[in-house]
1. Just to confirm the filter: which chymotrypsin sites (Phe, Trp or Tyr not before Pro) across the stretch 190-236 are DSSP coil and have at most 16 other Cβ within 10 angstrom of their Cβ?
2. Any chance you could give the angle, 0 to 90 degrees and rounded to 10, that helix 317-335 forms with the longest Cα principal axis of the chain?
3. Test of understanding: in a Gaussian network model of the chain with alpha carbons linked when under 10 Å, which of PRO82, PRO161, PRO101 would top the mean-square fluctuation ranking?
4. Does anyone have the angle between helix 12-21 and the longest principal axis of the chain? Alpha-carbon axes, 0 to 90°, nearest 10?
5. Of ARG280, ARG166, how do they rank once you tally other Cβ atoms within 10 Å and put the fewest first?
6. Taking the Cα centroid of the stretch 237-282 and of the stretch 216-232, what is the distance between the two, rounded to the nearest whole Å?
7. In angstroms, what radius of gyration and Dmax does the chain have, counting Cα atoms only?
8. Through the Karplus equation 6.51 cos²θ - 1.76 cosθ + 1.60, θ set to phi - 60°, convert the phi angles of the stretch 118-135 into ³J(HN,Hα) values in whole Hz; use x for Gly and Pro.
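Only the coordinates and a few stated rules stand behind these numbers; no lab work does. On a predicted model such as this, the values are computed, not experimentally measured, just so you know. Quick reminder, even Gly has a Cβ in these numbers, built from the backbone with ideal geometry, and neighbours come from all protein chains shown.
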Amino acid sequence: MKKILITSELDDKTHEVLAKRFTVALRGRAAGESAFLSENIMIEAINDFEPEILVISADKISRAIIESTNSLRLIVVTRGNPVNVDLVACKERGIMVSYTPARNANCVAELVIAMMICSARNLFQASEAIKDGTAAIKSKASVVDKGNDVIWSDPELKVMPYIRFRGFDIQGKILGLIGLGSIGRKTATKAIALGMKAVVFDPYVPEEEISKIGASCVSLERLLSESDFVSLHAGVNKETEKMIGLEELLQMKSSAYLINTARGALVDHDALYEVLKSKRIAGAAVDVFYYEPIAMDDSFLKLDNFIITPHIGGASTDVITHHSEMALESILAYCSDNEIPHKAF
């Protein structure tokens, strides 16, 4: 039986199939550990077990790891892109690499929609105001209208929450998407279904493809100046690193919000801090940051118009199911000498 070393989270169904057909070893997150395997531990695990197939998520597979083994023939990466694997070294050693594109596209797209709604309706700020006491009263004993449909109003509340946290509908607003990969497409489709207008800047996607999903192809300058929400969906390279700098941020409407669930390096964070602090734009909601994890003393956390989540865009049990099915498909194709789907090269 072929040996498979698994360090990625997979669903129970996939584990059952693999256990019946292969000799399986679990390490790292597959074994319930929270951390990814270091280079030395990965080398040790591979050399001890000598797997033919390795299934990983975000564990880094360096040239040193590749050159330390003669057993590996296939690496399956349960991510949208195998950026954590040295593909050149794999190709030199004849090791095939497959991955699981778009496995979290719907999940991240839903987070973008959630961030827009939370920003538009001030939901995070309203919740925090209740918890810190500025939108709550000292004792429930003084409440007269118990269980009735009333607008919160009390002498203890300096400003009625109904007025303090008044936002706006996202229906009829413009969503500008910078990049139209799998996540961008799903985000655009969901936004349009909610009554929004979607405009797209992506020089690598033909205009007719953009039109097919009901969006409009525009220049970056027009997108920035017209959008109520600017959502980033690009990869990071020399061309896109810090593509949203001070000049771009100042082109946005003062009522607009920046949404980033892609990569922190797309944004010049010094410039973003300045425009948020001066309220030059209405706010920003991000799931990714230039430094991750963010430090508790970071100045961004003192801003009342900045929302951050800890890189949880793909944190859905459905994502595990999606990438498990795709990983199993690649493994079974390899074992049957069939064409492996989603090969990296």
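1. Those that pass, being in a loop and sparsely packed, are TYR204.
2. 20 degrees
3. Among PRO82, PRO161, PRO101, the largest mean-square fluctuation in the Gaussian network model of the chain belongs to PRO161.
4. 0 degrees
5. With the sparsest Cβ surroundings first, the list reads ARG166, ARG280.
6. Cα centres, the stretch 237-282 to the stretch 216-232: 13 Å.
7. Expressed in Å, the Cα Rg and Dmax of the chain come to 23.8, 76.
8. For the stretch 118-135, the Karplus curve yields 4, 5, 5, 9, 6, 5, 4, 5, 5, 5, 5, 5, 5, 5, 8, x, 7, 10 Hz.
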